[in-house]
Ligand SMILES: NC(=O)c1ccc[n+]([C@@H]2O[C@H](COP(=O)([O-])OP(=O)(O)OC[C@H]3O[C@@H](n4cnc5c(N)ncnc54)[C@H](OP(=O)(O)O)[C@@H]3O)[C@@H](O)[C@H]2O)c1
């Protein structure tokens with residue numbers, strides 16, 4: 001497996017206490033697991049089947065802020081937990097507020113990613129969760145309707161389904177998102193919990209930056225993932241819920257993806273899923289049949305086009321392409337002058353497969369194009385290609401039924417099988433990944449600073465409100481001491497005086513809190529000022545803000561139900 005590879009590990013024990021903000025770190029070299037707080041680390045023990053998400057040189061499994069628990073750290077949701085009916089949400093909110101440990105006091109809005117990818121989940125699970133691009137806006141809407149989710153984005157590719165959210169509470173947000181994922185996929189929550197990974201704030205940003213840079217791809221440095229991240233932003237434009245922080249995160253990820261590709265050698269000689277698919281076919285075919293094997297490509301979108309191009313680069317001079325419509329095939333034909341490309345409509349797909357030795361499938365079809373029954377009826381292929389028809393299916397959801405591989409005269413490969421091809425050249429991958437990592441670390445810092453700068457807005461509001469409260473109460477005291485007989489114009493003069501003093505006093509601090517977020521140096525100053533003001537005036541009352549937001553959402557949902 002490649003350097004940037006994932007894995008699962010098991011450790012025994014059942015009960016752990018974790019400090020708030022604690023992180024779980026896996027040390028690849030010592031093979032030990034540690035819980036790291038802000039200043040120290042201690043060795044931890046976790047229940048069986050704890051999955052640790054492994055990424056390049058870092059291994060991440062970040063535990064949400066919590067005092068003590070006995071669950072899989074990647075599965076804080078009780079397996080049979082259900083979302084309460086909306087009518088009971090208000091009651092639940094009250095319960096929650098009065099619970100012994102008011103958990104909101106420990107939390108502020110967090111960026112959370114709840115995801116499954118090719119490292120953590122097999123294609124059988126991923127394909128059930130795949131969300132077509134046309135449904136991303138609806139998914140964002142549904143996610144943001146959840147009580148603890150403010151903003152959302154969906155990154156659904158053949159390798160991953162990752163839901164990025166701005167959550168008002170980490171634990172409740174994760175629970176709600178996981179249950180939503182279960183609802184849309186019919187994969188039970190406990191099964192999702194076995195395969196999902198969770199990352200928070202800085203780690204979530206770092207992960208997305210690695211994704212957009214191609215560092216987290218099955219095929220290191222491949223370019224399609226950056227286009228897919230761009231597509232998330234394009235599709236999300238104007239969609240309520242794809243708001244400031246999450247859209248800012250994705251826009252920043254695009255910048256990082258571009259930067260890594262221009263400043264490092266990550267994409268030098270890089271391959272794609274399509275070229276790996278062609279490579280796999282070549283590995284499976286007898287060498288002397290490479291040029292003569294009858295090739296069929298089903299699908300002429302981005303992936304289909306790349307398959308065709310790579311086949312041509314391998315010396316294939318004739319191929320059949322099946323697609324719903326002919327225009328894309330015609331334009332590929334224009335580009336590849338020396339290659340004979342025969343177009344056939346989708347209705348001919350089975351007939352075309354009957355005349356092919358190798359079938360590549362790369363369509364966005366939600367339904368199977370080849371079932372076991374259909375493939376069983378196909379004539380056998382000749383011994384010159386090894387006597388076995390190859391199906392290389394890079395589609396997610398798959399286009400070729402899982403049972404097709406039961407047929408003796410057929411070999412079926414899917415995207416997960418491409419690991420065999422890309423596992424080569426580990427050293428080179430590691431070197432490239434390290435170059436990119438330095439940029440990513442720098443960019444994460446910048447993103448965090450930008451995100452923190454947004455926090456200046458609540459500080460400004462809170463400082464104003466604080467001053468206003470003092471002004472109003474002092475004014476009231478003063479006026480009551482002066483009695484009812486003072487004329488209106490004097491009352492007004494005293495009122496104006498109080499407002500004037502407050503405004504003059506606030507002018508300086510406000511100036512030091514405002515910035516446009518582009519200048520890193522002044523941004524750092526602003527953050528320092530913000531933290532200082534929060535400290536001096538005890539403004540860190542995020543709880544009230546969160547509560548207000550949750551209450552508003554619950555009310556909104558209640559109205560939606562009635
Ligand atoms: N993009 C990637 O990086 C990547 C990587 C690995 C795997 N994949 C997988 O490869 C597949 C194709 O991706 P893509 O990026 O090439 O998408 P794309 O550019 O949008 O092309 C989609 C292709 O699927 C065809 N198609 C759509 N709906 C269909 C249906 N109901 N029945 C039959 N054909 C249908 C389209 O035909 P028309 O031309 O007639 O519309 C087109 O040929 C997807 O399953 C994707 O998950 C993509």
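The values are calculated or read from the model by the stated rules, or taken from the named source; none is laboratory data. Predicted model, so just to flag it, every value in this text is computed and none were measured. Heads up, the Cβs are rebuilt from the backbone with ideal geometry, glycines too, and the neighbour counts pull from every protein chain shown.
Filtering the range 312-341 to residues that are away from the ligand (no atom under 15 Å from the Cβ), in contact with a helix residue (DSSP H, G or I) (Cβ under 9 Å, 6 or more places away or on another chain) and in a helix (DSSP H, G or I) leaves 313, 335. Of all residues in the range 377-394, those that are closer than 13 Å to residue 408 by Cβ have Cβ atoms under 9 Å from Cβ atoms of residues that are outside any helix (DSSP H, G or I) and within 16 Å of the ligand (Cβ to nearest atom), 6 or more apart or on another chain, in 389/359. Taking the range 106-122 as the range and being within 20 Å of residue 418 (Cβ to Cβ) and surrounded by fewer than 21 Cβ atoms within 10 Å (Cβ to Cβ) as the test, only 122 passes.
Among residues belonging to the range 342-370 that are touching a helix residue (DSSP H, G or I) at 6+ places or on another chain (Cβ under 7 Å) and in a loop (DSSP other than H, G, I, E, B), point out the one that is farthest from residue 287 (Cα to Cα).
Step one: filter the range 342-370 for residues touching a helix residue (DSSP H, G or I) at 6+ places or on another chain (Cβ under 7 Å), giving 343-344, 350, 357-360, 362, 369-370.
Imposing the further condition that a residue be in a loop (DSSP other than H, G, I, E, B) reduces the set to 357, 362, 369.
Numbers: 357: 14, 362: 24, 369: 29 Å.
Of everything passing the filter in the range 342-370, 369 is farthest from residue 287 (Cα to Cα).
Taking each residue of the range 283-306 that is without any contact (Cβ under 8 Å) to a residue 40 or more places away in the chain and over 19 Å from residue 347 (Cα atoms) and looking for partners that are away from the ligand (no atom under 16 Å from the Cβ) and not in a loop (DSSP other than H, G, I, E, B) with beta-carbon atoms closer than 9 Å, six or more apart or interchain, yields 290/282. Picking from residues in the range 449-462 that are surrounded by fewer than 16 Cβ atoms within 10 Å (Cβ to Cβ) and touching a residue at least 12 places away in the same chain (Cβ under 8 Å), the one that is farthest from residue 213 (Cα to Cα) is 454. Please verify whether residue 282 is assigned by TED's automatic domain parsing to the domain that holds residue 396, away from the ligand (no atom under 14 Å from the Cβ) and in a strand (DSSP E or B), treating the condition exactly as stated. Against the criterion (assigned by TED's automatic domain parsing to the domain that holds residue 396, away from the ligand (no atom under 14 Å from the Cβ) and in a strand (DSSP E or B)), residue 282 does not qualify.
When every residue of the range 552-562 is checked against the conditions, none turns out to be at pLDDT 85 or above, surrounded by fewer than 10 Cβ atoms within 10 Å (Cβ to Cβ) and farther than 27 Å from residue 448 by Cα.
Of all the listed residues (491, 477), the sole one being in a helix (DSSP H, G or I), in contact with a helix residue (DSSP H, G or I) (Cβ under 8 Å, 6 or more places away or on another chain) and modelled with pLDDT of 90 or more is 491. Residues being away from the ligand (no atom under 16 Å from the Cβ), in the same structural domain as residue 300 (by TED's automatic domain parsing) and either within 22 Å of residue 124 (Cβ to Cβ) or surrounded by 18 or more Cβ atoms within 10 Å (Cβ to Cβ) (or both) are entirely absent from the range 391-400.
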